[in-house]
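The values are calculated or read from the model by the stated rules, or taken from the named source; none is laboratory data. Worth saying up front: this structure is predicted, and the values here are computed from it rather than measured. Here Cβ is always computed from backbone atoms with ideal geometry, including for glycine, and neighbour counts include all displayed protein chains.
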Amino acid sequence: MMLRREGKPWNHKRVYRVYREMGLHLRRPARKRLPKRHRAELYVPEAPDTVWSADFMSDALYCGRRFRTFNVVDDFNREALHIEIDTSITSDRLVRIFSRIARERGLPRVLRTDNGLPLEESFFARESCFHACVYQ
């Protein structure tokens, strides 16, 4: 990059060859390796309202304003149980959403979330009605 700023039209292959000829060994930084994830078998639902998935999605309007959606989907029939759209979704609001769905349909046996979702046990621990769910 610095050579191009100085006006030299050399590409990276030529620079590397010259470095090798001069005995200069410029080491490339090693890639950071992520630890392997333990993949668990997913529970296949046999009836509606046994396994739900919950996730956040984010997008931007044409004007640049960001917004988030919170989606709750029944994994048996792929029914969208609830979609919440706003610029900011708080944890208290998520509790209200799940309480409303629980009143209408009951709670599932399994609630699937990804590891980026700020819910998990710490979120539902303070709500006694969610203790029966298993979190994946």
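When ARG31, ARG68, ARG37, ARG27 are checked against the criterion of being surrounded by 10 or more Cβ atoms within 10 Å (Cβ to Cβ) and not polar (S, T, N, Q), ARG68 stands alone in meeting it. For the range 84-107, residues that are polar (S, T, N, Q), within 15 Å of PHE56 (Cα to Cα) and in contact (Cβ under 8 Å) with a residue 12 or more places away in the chain total 3. Annotation for the range 7-28: no member residue is out of contact with any Cys (no Cβ under 9 Å at 6 or more places or on another chain), under 21 Å from THR113 (Cβ atoms) and not hydroxyl-bearing (Ser, Thr, Tyr). Selection within the range 108-125: residues that are farther than 14 Å from PHE56 by Cα, surrounded by fewer than 16 Cβ atoms within 10 Å (Cβ to Cβ) and modelled with pLDDT under 85. The member of this set that is farthest from the chain's Cα centre (by Cα) is ALA125. Step by step: first the residues of the range 87-107, then only those that are outside any loop (DSSP other than H, G, I, E, B) and of a type in the set (Val, Ile, Thr), then the one that is farthest from the chain's Cα centre (by Cα). Which residue is that? Checked the range 87-107; the qualifying residue farthest from the chain's Cα centre (by Cα) is ILE101. Here LEU81 meets the list (1) surrounded by 10 or more Cβ atoms within 10 Å (Cβ to Cβ); (2) free of Cβ contacts under 8 Å to residues at least 24 places away in the same chain; (3) over 18 Å from the mean Cα position of the chain (by Cα) almost entirely, failing just condition (2). Could you please find all residues in the range 69-107 being acidic (Asp, Glu) and at pLDDT 90 or above? Within the range 69-107, ASP74, ASP75, GLU79, GLU84, ASP86, GLU104 qualify.
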